[in-house]
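Have a look at the structure below before the remarks.
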Amino acid sequence: MAESQSAIEARGVTKEFAGGVTALDRVFVTIRENEFFTLLGPSGCGKTTLLRLIAGFEYPTEGEILLHGQDIAHLPPDKRPVNTVFQHYALFPHMTVAENVGFGLRMLGKSAAEIAKTVKESLALVKMADYGARKPSQLSGGQQQRVAFARALAPHPKVLLLDEPLSALDLKLRQAMRGELKTLQRETGITFVFVTHDQEEALTMSDRIAVMSAGKVQQIGAPHDVYESPVNHFVADFIGDTNFVEGQIEKLAGDESIVRVGEGFAIETRLNGPHKTGDKVSVALRPEKIMLKMPGAASLSGTVRDAVYVGTGTTYAVALPHGVTVNVRDLNSLSGQGRFAVGETVSVDIPAGAARMLAD
Ligand code: ATP
């Protein structure tokens, strides 16, 4: 509809299953046209349930789901302009690759010429143009998943739902396929709704991410927003590595607020959420944003308790005053050595702007 730029809108969607399970609890999500939108959260948070509601395999207990502005409650799955790719490619083993890709088109009653043309285009899109005559058993896992993408894209759905489609592949292939999938989305202009519990996958591919927990949407935003400005403890913890330091608000001044951990240890932080002076709060600190320096170079001093080599750098556990220990990610020297040794005293600089005060 003209008034809506949204591809999908979930309005107050609740889904209860028999046995008192509330899989979704008043979920509001708007997915824009042509965007790569990811539902991210731990196992059991309700992401697959939301996908299945959009696909029409389940119906909401309450609330409604709109597709391009129209309520789709009455539309059965096969009448929705939506297609799904699952974790396991589910190709028909007795059919060739080309027959698999053409299957949906045959069901739609397309002509043989049209099917042949679309199959060719779809296979070219996923770089499988030369594989049409093969059977699925003659393909690698990654190639089979590409064919599954081609099959799902062939009928030109308005929305493609992807339920952890990369999780059956090994790490290297999964990483390579992330880029391909993103390119596929951009080239086709189809709205992708991607489900994953892998935060790195979500951060690298998505235009926007909905972070979910226990049937609720915790935050919706671009990868940069959810990483840099998590709204609460759950999001900060689930996305990336985070140190949580407890303290009390000493000064409230927007970007220059101060949280005191104890004598000689205060953190300058950005206010995030409604607070008043004296409130006890958590401050989230990303390990790569804390800086380690030679002793005396900063006002805060700590002791290196542990050093873990992680290839691109070293993660140090640094003991600070008042029983606080933080993890710090530091780049190694050119020869691959860590800069500090266990037991060494270091200066710890927590730059203003590196810390986020959390609402809960
Ligand atoms: P995963 O990553 O493990 O697939 P998820 O975030 O996709 O998890 P859902 O599959 O949506 O989670 O499940 C959400 C909750 O609803 C879980 O507690 C699950 O056990 C429950 N659930 C899902 N389907 C049903 C069903 N058909 N009957 C009863 N409970 C269900």
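The values are calculated or read from the model by the stated rules, or taken from the named source; none is laboratory data. Small disclaimer: the values here were computed from a predicted structure and weren't measured. Cβ placement follows ideal geometry from the backbone for every residue including glycine, while neighbour counts extend to all protein chains displayed. Keep in mind that these areas ignore ligands, DNA and RNA; they rest on the heavy atoms of the full protein, side chains included. Shrake-Rupley method; radii C 1.70, N 1.55, O 1.52, S 1.80 Å.
Projected over every direction and averaged, the convex hull enclosing the alpha-carbon atoms of region 4-86 yields 5.6 nm². Which of K120/K158; K79/K120; K15/K289; K15/K79 have a Cα-Cα distance over 28 Å? Among K120/K158; K79/K120; K15/K289; K15/K79, the Cα-Cα distance tops 28 Å for K15/K289.
Alpha-carbon geometry of region 27-68: the Rg and the Dmax are 10.8, 29 Å, given in that order. Between the helical axis of 97-107 and the longest alpha-carbon principal axis of the chain there is an angle of about 70 degrees. Summary of packing: across the peptides 331-341, 135-145, 235-245, the per-residue average of other C-beta atoms within 10 Å ranks them, highest first, as 235-245, 135-145, 331-341.
Once all protein chains are placed together, F92 keeps about 60 Å² accessible to a 1.4 angstrom probe. For helix 141-153, report the angle its Cα long axis makes with the longest principal axis of the Cα atoms of the chain; keep it between 0 and 90° and round to the nearest 10°. So the inclination is approximately 60 degrees. Kirkwood analysis of region 6-236, using all unique Cα-Cα pairs, places the hydrodynamic radius at 18.2 Å.
Using Stokes-Einstein with the Kirkwood hydrodynamic radius over Cα pairs, what translational diffusion coefficient do you get for region 256-331 at 25 °C and a viscosity of 0.890 mPa s, in µm²/s rounded to a whole number? Can you show the working numbers first?
Values: Rh = 13.9 Å.
D = 177 µm²/s.
Given q = 0.13, 0.19, 0.24 Å⁻¹, what are the Debye log10 I(q)/I(0) values for region 97-207, with equal point scatterers placed on the Cα positions and solvent ignored? For region 97-207 at q = 0.13, 0.19, 0.24 Å⁻¹, log10 I(q)/I(0) is -0.48, -0.99, -1.43. Distance from the alpha carbon centroid of region 126-150 to that of region 1-80 works out to 30 angstrom. Roughly how many percent of the accessible protein surface of region 6-236 is carbon and sulfur, given a 1.4 Å probe and a whole-percent answer? Carbon and sulfur together cover 53 percent of it.
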